[in-house]
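K.L.:
Following this message is one structure expressed as structure tokens.
All of the numbers you see were taken from the coordinates with simple rules; none came from a lab. Predicted model, so just to flag it, every value in this text is computed and none were measured. Don't worry about glycine lacking a Cβ; one is built from the backbone with ideal geometry, like all the others, and counts go over all protein chains shown.
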Amino acid sequence: GWKVSMKSGSLSYILPCNRLPVQLMSQVRVYTSNGQKKDLGSQDTNGSACGETLHKVETGQETTNAGQKQSSPKQPIQVKAKPVLKKREYGPKYTQNNFITGVRAINEFCLKSSDLDQLRKIKRRSPHDDTETFTVYLRSDVEAKSLEVWGSPEALARERKRRKEAEIKYRENLFRNQRLLWEYKEFFGNTKPRSSTAAMFFKGPGKVVMVAICINGLNFFFKLLAWVYTGSASMFSEAIHSLADTCNQALLALGISQSARTPDPSHPYGFTNMRYIASLISGVGIFMMGAGLSWYHGIIGLLHPHPVESLLWAYCILAGSLVSEGATLLVAINEIRRSARAKGLSFYQYVVQSRDPSTNVVLLEDAAAVLSVAVAATCMGLTSLTGNPYYDSVGSLGVGTLLGTVSAFLIYTNTEALLGRSIEPEQLQRLTEFLESDPVVRAIHDVKATDMGMSKVRFKAEVDFDGRVVTRSYLEKQDIEQLLQEIQQVKTLEELEAFMLKHGENIVDTLGAEVDRLEKDLKQRNPDVRHVDLEIL
């Protein structure tokens, strides 16, 4: 049976009294990481009693084994724990190792450039494409220097407040001076050479929009005279149509000029979407002004018909309008064909994807204008032949329906563009395959490629990097013999920690350089990709 039990610390030994021969260690030692040892047998309160009991067991065993060889000497068991570095508690906010640029040090801590000359300068990899390295400072050094210059945090806060007020006042004065300069130029004339914004209206989509504004403005004037002379509902719809086209294309010109603005801190990705916003407002304007007024006048003509005067002048004006609108339509078609050929797309794909919203609006408005002229001329001819004014009112309703269809298409395509649609699957596949073919990349996850408008793509992906390849890339730039000597000189935990921290930071910098290289290659091989965000998985 089981009769004898001994406890030592958390260990429990249960010994059979009459079946198994027992040899017990005389001492158990446990070594901790700080080198201290503990005798578990001396700490147990029941140790003496257990010792006497075990002594009796050993005595009985020796009696039964009389004449046999003496048992082997008892050896102590040593249990050693692995030494580990003490975990450091950094707290919720730790900025001792943060770097800060010279511009931020001067602006945020109210320092001078001469104050920074006395601080430690550190060369780091630049985040900008045009420079490889740039100088940064330790934030702790900058904070200490600012306290040395200003004496206390309260004095530094007062100086920041004063500079903020001075900056606001400077901006107010700058706005006032710019307004005075603009008034001066308006009064005396602007003798500066033509700006790049004005040059946009002499080529490409800007040229198409300006030609359409001039032609539609003349068409509105002559159609309005014909409506006043004849009182035709269809001619009134045509006049309203030309007025809506003129206003909308003026809005497109405003969108083109605003899209050329350079990015600022409030709009880091620029103002390219202003073209889509202007086209969207233009579509809404066509629906409200063009289609709405045409439907209204056609319904009034059906409810209260009145005889139509001589339509000879109306036919002449419609014929002239057909020629002018057709010429503008041809200009827009040629521009879209040229742009679609440059992008490798078909004419239909270029229009549906709304690659150039300004030219699309001109194309659709002029196509609708040509069709509406044909509808108005047909209905006016039927009214002249039959003397029934209802045909003329039906023509007004037909023109309004045509304008409503165009406006719905413009609203849909520009809304899709503003929402940020994805690029074509074939183009996305090419970008993914390019990244996956690089040796440093193991896998690509969560890929998103958004069309920002005007052939500008933003690419984002989470990249699983191969740490072995990154480390090998770092080692290829090092002196292996010197590195081996450093390893052989490591004797203590502190030296091992310093060695790992030094080369670990350098390997992380190498990983950042690999990310920059991938982003740069991706932009060079795909000019449409303007913004690349590669996140390390």
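K.L.:
Answer rounded, prolate or oblate for the stretch 271-341, using the Cα gyration tensor with square roots of eigenvalues a ≥ b ≥ c: rounded when a/c is under 1.5, else prolate when a/b is larger than b/c, else oblate.
P.N.:
Taking the square roots of the gyration eigenvalues as a ≥ b ≥ c, the stretch 271-341 is oblate.
K.L.:
Quick one: net charge around Thr378, please, counting Lys, Arg +1 and Asp, Glu -1 for every other residue with C-beta under 13 Å from its C-beta.
P.N.:
Charge balance in the 13 Å sphere: -2.
K.L.:
Also: With r as the distance between the Cβ atoms of Glu433 and Ala408 and R0 = 41 Å, compute the FRET efficiency 1/(1 + (r/R0)^6) and round to 0.05.
P.N.:
With a Förster radius of 41 Å, E is 0.60.
K.L.:
While we're here: Simple spin-label model, 7 Å along Cα-to-Cβ: Lys112 to Ile300 in nm?
P.N.:
Between Lys112 and Ile300, the simple spin-label model gives 7.5 nm.
K.L.:
Checking the a/c ratio against 1.5 first, then a/b against b/c, what shape does the Cα gyration tensor give for the stretch 92-188?
P.N.:
oblate
K.L.:
Which value, in Å to one decimal place, does the Kirkwood hydrodynamic radius take for the stretch 300-359 when every pair of different Cα atoms is included?
P.N.:
14.7 Å
K.L.:
While we're looking at this one, here's another question. In debye to the nearest 20, how big a dipole does the stretch 197-419 give about its Cα centre with +1 on each Lys and Arg Cβ and -1 on each Asp and Glu Cβ?
P.N.:
680 debye
K.L.:
Still on this structure, please answer the following. Please give me the summed charge of the neighbours of Phe220: other residues whose Cβ is under 10 Å from its Cβ, Lys and Arg +1, Asp and Glu -1.
P.N.:
Cβ neighbours under 10 Å give a net charge of -1.
K.L.:
Let me ask you something else. What is the P(r) of the stretch 425-536, as percent of Cα-Cα pairs per 5 Å bin from 0?
P.N.:
In whole percents, the pair-distance histogram is 2, 10, 19, 19, 13, 10, 8, 7, 5, 4, 2, 1, 0.
K.L.:
What is the dipole size for the stretch 281-373, taken about its Cα centre, with +1 at each Lys and Arg Cβ and -1 at each Asp and Glu Cβ, in debye to the nearest 20?
P.N.:
460 debye
K.L.:
In the stretch 425-536, with Lys and Arg counted as +1 and Asp and Glu as -1 at Cβ, which of these residues, Val508, Asn526, Leu496, has the Cα nearest the positive end of the dipole, that is, farthest along it?
P.N.:
Asn526
K.L.:
Over 22 Å between C-alpha atoms is what I'm after, so list which of Lys203/Lys343; Lys502/Lys523; Lys123/Lys502; Lys121/Lys460 land there.
P.N.:
Going by Cα-Cα distance, Lys502/Lys523; Lys121/Lys460 fall outside the 22 Å limit.
K.L.:
I've got another one for you. Looking only at the stretch 425-536, where both bridge partners belong to it, what percent of the DSSP beta bridges are antiparallel (to the nearest 5)?
P.N.:
55 percent
K.L.:
Excluding Val490 itself, what net charge comes from residues whose Cβ is under 13 Å from its Cβ, given Lys and Arg +1 and Asp and Glu -1?
P.N.:
-2
K.L.:
Also: Between Arg338 and Leu496, how high is the FRET efficiency from 1/(1 + (r/R0)^6) when r is the Cβ-Cβ distance and R₀ = 51 Å? Nearest 0.05.
P.N.:
0.20
K.L.:
How long is the gain from Thr131 to Glu424 if the chain were fully straight, where each residue apart is worth 0.36 nm and the alpha carbon distance is subtracted?
P.N.:
Contour length minus the Cα-Cα distance gives 102.2 nm.
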